[in-house]
Amino acid sequence: MPPAIRFDVLTLFPGIFEGFLSESVLKGALATQKIEVRLHNMRDWAEDKHATMDDRPFGGGPGMLLKVDRVVPCVEEIQRQHQSGRLLMLTPQGRCFNQVFAEELATEQQIILLCGRYEGFDERVAEILKPEEVSIGDYILNGGEVAAMVMIETVMRLVPEVLGDENSNRLDSFSTGNRILDCAHYTRPREYRGIAVPEILLSGNHAEIARWREENSLQRTKEKRPDLLKSVSNDSTLRSFAVENK
Ligand code: 6GU
């Protein structure tokens with residue numbers, strides 16, 4: 001079976017991804033070919049390996065920009081290898097990445113992640129390639145590499161068979177329509193420093209446990225992320241909880 005999803009990452013610093021791809025869940029998913037990650041050093045497209053990839057902005061100002069005539073040919077060659085690929089440009093100006101966006105991406109066969117550096121890209125990169133611009137939050141990173149790792153990790157977990165049953169069956173916080181946090185979890189020992197595990201979890205009564213977990217989730221959301229309850233979806237339990245606790 002071919003990998004369910006292939007990520008092509010275009011970067012000037014492929015080494016940043018090494019540890020990330022060689023440990024734990026990612027390592028396993030790559031070894032078993034559930035997913036594929038190809039790293040492309042944009043510098044390799046320059047005939048001269050010392051070729052400059054960046055240049056000073058016209059009009060002055062701080063920082064350097066990635067050159068349009070270096071970036072565009074790399075992306076176009078990767079695109080030629082795949083017809084269906086979705087091109088994402090990582091930039092703090094982009095649409096904010098979240099779980100719903102990740103679920104949408106997990107249905108794709110190929111995702112191209114174009115990582116910016118320095119002050120960003122020459123504007124014509126976006127004009128020519130028309131990528132979807134994506135950010136992972138309202139703060140500034142040195143480049144798109146860490147954002148690309150965040151996206152790869154979030155999306156790959158949603159690919160069937162990547163996680164064991166135990167995890168994949170769990171309704172994670174923030175997945176579609178799910179705007180409440182996960183409940184509290186406990187393992188042995190039953191008591192530590194005078195703090196006991198909630199008795200109900202030891203009862204073996206699965207209906208009661210399920211009820212406790214649901215209530216605990218709602219309570220935790222109210223305490224830790226009340227903002228989530230303000231944007232309550234059409235879930236009736238949630239809606240009544242939000243109203244009761246206004
Ligand atoms: Cl995708 N890139 C950079 N440089 N900074 C970011 C970001 C991306 N997302 C949030 N901050």
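The values are calculated or read from the model by the stated rules, or taken from the named source; none is laboratory data. The structure presented is a predicted model; accordingly, all values stated were derived computationally and were not measured. Cβ sites come from the backbone with ideal geometry, for glycine too, and all protein chains shown count toward neighbours. Ligands, DNA and RNA are stripped out before the accessible areas are found, and what is left, the full protein with its side chains, is counted by its heavy atoms. Shrake-Rupley method; radii C 1.70, N 1.55, O 1.52, S 1.80 Å.
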Rounded to whole angstrom, the alpha-carbon centroid of the range 107-159 lies from that of the range 47-64 at a distance of 20 Å
Full extension between residue 202 and residue 51 adds, at 0.36 nm per residue less the Cα distance, a length in nm of 47.9 nm
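Run through the range 1-81 and list the GluC sites (Glu not before Pro) located in a DSSP loop whose Cβ has at most 10 other Cβ atoms within 10 Å. Don't skip to the answer; put the middle values down first.
On the way: sites: 18, 23, 36, 47, 76, 77; in loops: 23, 47.
In loop regions of the range 1-81 (DSSP not H, G, I, E or B), the sparsely surrounded GluC sites (Glu not before Pro) are 23, 47.
Using alpha-carbon pairs under 8 Å, 6+ residues apart, how would you state the relative contact order of the chain in percent?
On the way: 334 pairs, mean separation 44.8, N = 246.
Worked out over the chain, it gives 18 percent.
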Rounded to the nearest 10 Å², the accessible area of residue 12 using a 1.4 Å probe with every protein chain kept is 10 Å²
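Starting from the range 1-57, pick out the trypsin sites (Lys or Arg not before Pro) whose DSSP state is loop and whose Cβ has at most 16 other Cβ atoms within 10 Å. Please list the in-between numbers first.
Working: sites: 6, 27, 34, 38, 43, 49; in loops: 34, 49.
Sparse-neighbourhood loop trypsin sites (Lys or Arg not before Pro): 49.
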So, with points 7 Å from each Cα along the Cβ direction, the residue 100-residue 224 label distance in nm works out to 2.1 nm
Straight-line reach check, residue 224, cutoff 18 Å on alpha carbons, 8 or more apart in-chain or any other chain, hits among lysines -> 246
